[in-house]
Structures are given as C-alpha cells and as structure tokens.
Amino acid sequence: MLIKARGVPIWIQCLEALLRLLPQNHRLVPEIHRNLKNRRKGYNGEKSSDYYASLLDQKEFLILHDLTLFHKKLHFQIDTLILTTRFFLIIEIKSLEGELFFNHMTCQLTVSRHETVTGTDNPLIQALNHCTQLRGWLETHKLKQMPIEHLAIISNSRSVIRCSNYETARHVGTDKSLPLKVMELSKRYKEELFTDKELKKIAKAFKKAHSPQPINIMGFYKLKREELLKYIACPNCGCRPMVRVRGLWHCEKCFAYSKDAHVEVITDHLLVKGNRITNKECRDLLGISSVKLANKLLTGMNLHKEGNTRNRSYSLKLPSHLK
Ligand SMILES: [Zn+2]
C-alpha cells in the first residue's frame, strides 16, 4: 500500500525557478542546466523504481517514497522505505551508467566508463548508514525496534552490475528486479513483530515526521540578490516587464494580456530567495506602487500568512524545507 508518494524534488523545483530568474547569458546558467539534467535523471530513475515497487503485494508491504527524517541534528533522506510486520527495508536508488563493481572488502563502488574507472558514492553504504540512523530515530521516538534490511537499486537498465561476493549481490538489483529482490530478502524474516494495525500506525508516524532539509540555493551558487531578474516576463514573448493595465498584465512588445502572470515570478522568488515575501518586496519585484494591489495579488495566491498587517509576510505552503 502506498503511504507516501514521491513529489517533484525540491531541488528540481528550485533549479527550474532559478533558471527563470537569471539572465540567459549569466555565467552560472550552463552549470545549473547540468545540475538540473542530473537531478532529473535521478528523479526519473526513482519514478521508474516506484512503478516496480507498486507491483508488490499491497496488503503486505507499506511503501513510503522520499522520506526525510531528522535525527541527532541531522536530516537523512531515504529514497524508499518499505514496512512489513516482520522487517523494514531501506532502498537507495541510483541512476549510474557503465560497469559497476561493488567491492565488499573496501566498501567501495567503482564505475568503469569509456575506459576510465572512478569511485562513487556507494548506495549500499548509504543505505546501511540510514539503517543506523533509522534505529536511532525509532529509539528516540520510543517505537519498537525492527530488523532493518537494505537494498541498492540501479535504475539504469544499460548498466552492468558486478559484486565481489554473493551476499553483496543479494542487496543489489535493477529497478525491474526490485519486487524479486524484496521477496528474496523477505524470506529471511518469519516472525510477526507488529499487527497490521500497529504497522499502519507507525507508517503514519513516519509520514508525519517527514521533514525535508532546507535548501539555500542562493548560498549554494554564491549568488547575490541583485543578480536575479525582476518584473514579470511575458508568457508569450518572454520580454520584461509586463505592466498593469485595467486589472490585467500587459506586454508592450507583443501586446499580450495575462490575468495571472505574477503567480510564477512570485513563486519562483519564494523558492529561490528563502520562502518569504513582504508587500514591499512584492511591489519591488513586480514594479508596482499600490500596496492594495500587492496585497490583493498575494492574498489571491493561497500563501501562508505570518505577522500582523504592518509587517505581514507570505510564504509557500510547503513543508518546512525552504525556511
Ligand atoms: Zn510579449
């Protein structure tokens, strides 16, 4: 049963927003495009694995995708957590290309591609670290300890996977082999430690505890606020600024009109600049002078409001990961 679905990762949302806010010739644009491409590749791999996870018995396996928990002042993000009444399973999903070699002696994963060999983050080690963190989290929340299994899924079907021993190979698979691998690991656990009701309760507790890590994309790219574009870009021709004419946004270049072109630029600024905007910042961003109009536009966006009328700020109603 699917308990928590996977949404578009906040990194992808922030990178897309940042690209819309930077001039096309900005020095960082190619690097941001590369980062976005890699993140989209990873996300597509995760979605593909989610499909195969959905083929598991819906009654027996409770599934949470993209779960971030907070323990001992650290966030840890689990790609997929599967809960059963007998054991829990942490799955790390990687989209890697080439010939992969999992070495249990060195705990290293090496990737051979185009006649070069490089070391990379080993998803098995990541999953094992998450097992330790999850045990700590369960202890802190006074919940019953369960055996926790781990699995690394390589979502790129063109990759070749090699492992140094049989035991390592049991914990590595492709997205298509996910159900098979889960069933194989499942055979090791016979004893029922939870009732179905208890398991559902703990699954809900995990979902509620999901607390994504804050992202500071401006800091990540060492960007200054002055480097970001202001004003509304015309959805038709891309020119800035659109001006307010008779209750609509108007492009003086291509004469297009829009009712809600402000929504995208305000949302982008909230994603990129720390999820907080005041009436004054909004007027400055849109190039308008009316406090009343800025108030109307912000109120109409279904944002989270904070503070009284004079120092009110608005933020996106997302989990606390953008603060
Ligand atoms: Zn236009």
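Given the protein chains as shown and a 1.4 Å probe, how many square angstrom of Val263 are accessible, to the nearest 10?
Accessible surface of Val263 is approximately 60 Å².
Quick one: net charge of Glu99's neighbours, Cβ under 12 Å, K/R +1, D/E -1? Each step should come with its number before you reach the end.
Numbers: positive: Arg113, Arg158, Arg162; negative: Glu97, Glu115.
Charge balance in the 12 Å sphere: +1.
Excluding same-chain residues fewer than 8 positions from Lys224, which lysines have a Cα within less than 27 Å of its Cα?
Answer for Lys224, where 27 Å is the Cα cut-off: Lys37, Lys273, Lys280, Lys305, Lys317, Lys323, listed by chain and number.
Accessible area of the chain with a 1.4 Å probe: how many percent of it is carbon plus sulfur?
Working: 9340 of 17740 Å².
C and S fraction of accessible area: 53 percent.
Which trypsin sites (Lys or Arg not before Pro) from the stretch 234-310 combine a DSSP loop assignment with at most 10 other Cβ atoms within 10 Å? It would help to have the intermediate numbers written out before the result.
Working: sites: Arg244, Arg246, Lys253, Lys259, Lys273, Arg276, Lys280, Arg283, Lys292, Lys296, Lys305, Arg310; in loops: Arg246, Lys253, Lys259, Lys273, Arg276, Arg310.
For trypsin sites (Lys or Arg not before Pro) across the stretch 234-310 that sit outside H, G, I, E and B with at most 10 neighbouring Cβ atoms in 10 Å, the list reads Arg246, Lys259, Arg310.
Averaged across orientations, what area in nm² does the convex hull of the alpha carbons in the stretch 84-182 project?
Numbers: hull surface 27.3 nm².
Across all orientations, the stretch 84-182 yields a mean hull projection of 6.8 nm².
Can you give me the C-alpha center-to-center distance between the stretch 142-174 and the stretch 183-220, rounded to a whole angstrom?
Between the Cα centre of the stretch 142-174 and that of the stretch 183-220, the gap is 17 Å.
Collect residues whose amide H, placed 1.01 Å from N in the peptide plane, falls under 5 Å from the amide H of Thr68; neighbours closer than 5 in sequence don't count.
For Thr68, whose amide H was placed from the backbone, the distant partners under 5 Å are Ile78, Ser211.
Run the 1.4 Å probe and let me know the accessible area of His114, rounded to the nearest 10 Å².
In the full protein context, His114 sits at about 150 Å².
Please compute the Kirkwood hydrodynamic radius over the stretch 230-322, one decimal place, Å, based on all pairs of different Cα atoms. Let's see the in-between values first.
Values: mean 1/r = 0.0736 Å⁻¹.
Kirkwood radius, the stretch 230-322: 13.6 Å.
Thinking of the chain as a set of Cα atoms, what percent of all their pairs are more than 34 Å apart?
Working: 19720 of 52003 pairs.
Beyond 34 Å sits 38 percent of the P(r) for the chain.
Under unit Cβ charges (Lys, Arg +1; Asp, Glu -1), what dipole magnitude, rounded to 20 debye, does the stretch 2-209 have relative to its Cα centre?
Details: 33 positive and 22 negative charges, 122 e Å.
It comes to approximately 580 debye.
What accessible area per residue, rounded to a whole number of Å², is obtained for the stretch 98-214 using a probe radius of 1.4 Å?
Values: 6850 Å² over 117 residues.
With all protein chains present, the stretch 98-214 gives 59 Å² per residue.
Quick one: compute the contact order of the chain, relative version, from alpha carbon pairs under 8 angstrom and 6+ residues apart, as a percent.
On the way: 523 pairs, mean separation 55.1, N = 323.
Taking the mean separation of contacting Cα pairs over the length of the chain, I get 17 percent.
The values are calculated or read from the model by the stated rules, or taken from the named source; none is laboratory data. Being a predicted model, the structure only gives us computed values, none of them experimental. Ideal geometry is used to build each Cβ from the backbone, glycine not excepted, and the neighbour counts take in all protein chains shown. Remember, those area values only see protein heavy atoms, side chains included, never the ligands or the DNA or RNA. Shrake-Rupley method; radii C 1.70, N 1.55, O 1.52, S 1.80 Å.
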